[in-house]
Amino acid sequence: VHHSAMSPEEFISRIMEAEPPEIYLMEDMNKPFTESSMMMSLTNLADKELVLMISWAKKIPGFVELSLADQIHLLKCCWLEILMLGLMWRSVDHPGKLIFSPDFKLNREEGQCVEGIMEIFDMLLAATSRFRELKLQREEYVCLKAMILLNSYLCTNSPETAEELESRNKLLRLLDSVIDALVWAISKLGLTTQQQTLRLGHLTMLLSHIRHVSNKGMDHLSTMKRKNVVLVYDLLLEMLDANTT
Amino acid sequence: HTKLLQLLTTKPE
């Protein structure tokens, strides 16, 4: 079934099935952390998660119908936002903690050992608190994640060729499906029409904060790489370079 | 071929 013919319920169940499995860092933690060891753990985990993120994106109905160039650009634009939203979701029931993985949990104070990371931890914790206040539901979370992916590149790209225009139109229709799905998920919560509208507004406004934290995080990681605190390699290097060069 | 391109173009298992 094409996504345009799917009900919002079907669409959500497809993106719920696309959710990546839980991932473990599987490293022996040498506590206390050093600046380098914490950055290495964070980047090792990010690199593993990125591989799963590509498979996740491909399972979002309609994503692989976009041009390959669009698929690449979208993922390169949003990967850190997606990682951060996943982190917020895992941390939502653990105030004051960031649950990077089941075997890698950090307190705000542990950010002290990496220069400049506490500011980012605080922004992540603040956005997580907002999601906690809003009692974010799993259905809403998966919709927001798909929205981040599909929205990430919309305002930086003007299609020129017929192929680009076609892919752009597909992208816009796909965003329609995701918005419909989020609206449907909110409608299931037993709220008044006005409360539903407000909730949609509050949830989508949080995405601008996530973009902001992601930009801060991208600058931080590229600084850490430049200062040789951490060795960035493989897929993570490719994704970081796309944002910094 | 980049790793991203490679992952995007491989068929799902």
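Where a number appears in this text, it was derived from the coordinates with a stated rule and is not lab data. For clarity, every value in this text was computed on a predicted model and none was experimentally measured. Glycine also receives a Cβ, built like all others from the backbone with ideal geometry; neighbour counts cover every protein chain displayed.
Observations on the model:
- Label zone of A:Asp47 (point 7 Å out along Cα→Cβ, amide N under 17 Å): in the range A:231-245 this covers A:231-242.
- GluC sites (Glu not before Pro) within the range A:6-50: DSSP coil, no more than 12 neighbouring Cβ in 10 Å: A:Glu22
- Each residue, A:His209 and A:Glu238, gets one label point 7 Å from its Cα in the Cβ direction; the gap between the two is 3.3 nm.
- Taking A:Asn107, A:Asn30, A:Asn215 as the candidate residues, the one with maximal mean-square fluctuation in a Gaussian network model of chain A, Cα springs under 10 Å, is A:Asn30.
- Rounded to the nearest 0.05, the FRET efficiency derived from the C-beta distance between B:Thr2 and A:Lys105 at R0 = 41 Å is 0.80.
- Contact order normalised by residue count of chain A, Cα under 8 Å, 6+ apart, percent: 29
- DSSP-assigned coil residues among trypsin sites (Lys or Arg not before Pro) in the range A:207-244, each with at most 11 further Cβ atoms within 10 Å: A:Lys227
- Taking every lysine pair in chain A that is 8 or more places apart or spans two chains, those with Cα atoms closer than 14 Å amount to 5.
- Per-q log10 I(q)/I(0), the range A:120-245, q = 0.17, 0.21 Å⁻¹ (Debye; single scatterer per alpha-carbon; no solvent): -1.03, -1.22
- Shielding of B:2-11 by partner chains, average beta-carbon count, 10 Å: 6
- The peptide list A:150-162, A:85-97, put in order of mean Cβ contacts within 10 Å with the highest first, becomes A:85-97, A:150-162.
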